[in-house]
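Here, each number is a calculation from the coordinates, and none is a lab measurement. Note that this is a predicted model, so its numbers are computed, not measured. All Cβ positions, glycine included, derive from the backbone under ideal geometry; neighbour counts span all protein chains shown.
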Amino acid sequence: MKKVAIALTLLLAGSALAQTVSFKDPAGDDDGPGTYSYPTDAVYSRGSFDLTGFTLKQNGAKTDVSVTVNGNLADPWSMGNGFATQMVFIFIDKDHEAGKGQTGSLSGLNIEFAPESAWEKVIILSPQQAARVKTEVEQKAAAVKGDVIIPARTRGAGRTITGSIDTEALGGGDPATWAYQVVMQSNEGFPSGSDLLTRKVNEYEGQHRFGGGNDGDCDPHVIDLLAGDATGAKEEADLQHKMLAHECGDDGSVKKLAVVSAVHAAKK
């Protein structure tokens with residue numbers, strides 16, 4: 001009986017350490033600010049950039065994240081991870097304080113964060129090898145590289161992309177009190193300029209270009225993200241479109257970047 005009691009105590013202790021936060025996003029809003037369309041090549045399968053769910057589970061020394069989409073994943077480019085065309089950025093605001101954290105995003109996304117949603121950490125889920133992603137971060141996001149977390153390996157199976165990281169990389173704290181923003185992008189093996197492995201959105205869709213945006217560099221290169229309270233309610237699609245509203249000059253320059261907010265786990 002004593003051994004059973006000890007085992008039960010250890011089990012309960014382990015359960016107490018495990019923490020999970022999860023969010024939902026409505027299906028059918030994989031159109032950025034409401035105008036974006038998929039590239040014409042068949043590898044960009046319909047629904048596979050349509051974010052429908054996100055979960056972060058912290059269990060002791062490891063933290064697992066998963067992102068679910070509204071279409072089956074595939075590996076047409078033989079990346080070796082079970083998916084190839086998606087690229088996900090998970091921004092985490094740990095303190096909800098304006099003036100702390102980063103309001104700029106990573107290069108190639110063309111968004112900024114509201115002051116009260118400034119982020120402290122970002123996890124990148126990419127089908128590229130971790131070494132390649134790390135090199136890109138060091139070259140194109142050197143100022144915040146200490147806040148960028150890259151899983152040793154990411155995997156895609158069915159409709160879900162997963163990654164596992166060391167909990168200590170998040171810098172401590174309670175995940176249930178944090179706020180999150182999950183940005184769906186597309187893996188680009190030959191990124192333009194300083195873009196961090198992200199695919200551009202143009203005015204017209206092409207074989208490997210999303211359409212419905214601007215040929216300049218002023219529109220948000222975001223296909224889907226969390227909005228509202230992230231419960232999956234239909235009205236959250238409209239909130240996403242409003243959040244990604246932006247203004248471009250006639251020459252494609254930035255007049256107003258899209259300003260995004262994070263979703264608070266504690267409100268759920």
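So here's what we get for this one:
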| read-out | value |
| --- | --- |
| 20 Å Cα-Cα reach of K145 towards aspartates and glutamates, excluding residues that sit fewer than 8 places from it in its own chain | D93, D95, E112, E120, E136, D166, E168, E188, D195 |
| Residue (of T103, A141, T154) at the positive-pole extreme of region 41-173, dipole from beta-carbon charges | T154 |
| DSSP-defined beta bridges in the chain - what % are antiparallel, rounded to 5 | 90 |
| Top positive-direction residue, dipole computed over the chain with Cβ charges, set S48, G216, P33 | S48 |
| Candidates per GluC sites (Glu not before Pro) in region 26-135, loop by DSSP, up to 14 other Cβ within 10 Å | E97 |
| Rotationally averaged projected area of region 156-268 (alpha carbon convex hull; nm²) | 9.6 |
| Cα gyration tensor, region 19-267 - rounded (a/c under 1.5), prolate or oblate | rounded |
| For the chain, built as a Gaussian network whose Cα springs stay under 10 Å, the top-fluctuating residue of A42, A114, A74 | A42 |
| Total charge dipole magnitude, region 19-267, about the Cα centre, Cβ charges on Lys, Arg, Asp, Glu only, Debye to nearest 20 | 800 |
| Within the chain, helix-based [θ] at 222 nm, where runs of 4 or more DSSP H residues each add -39,500 (n - 2.57), nearest 500 | -4000 deg cm²/dmol |
| Mean Cβ neighbour count within 10 Å, used as a protection proxy, ranking 165-176, 75-86 highest first | 75-86, 165-176 |
| Interchain or long-range residues, amide H under 5 Å from F210's placed H | N202 |
| Cβ-Cβ FRET estimate between D174 and D250, R0 fixed at 51 Å, reported to 0.05 | 0.60 |
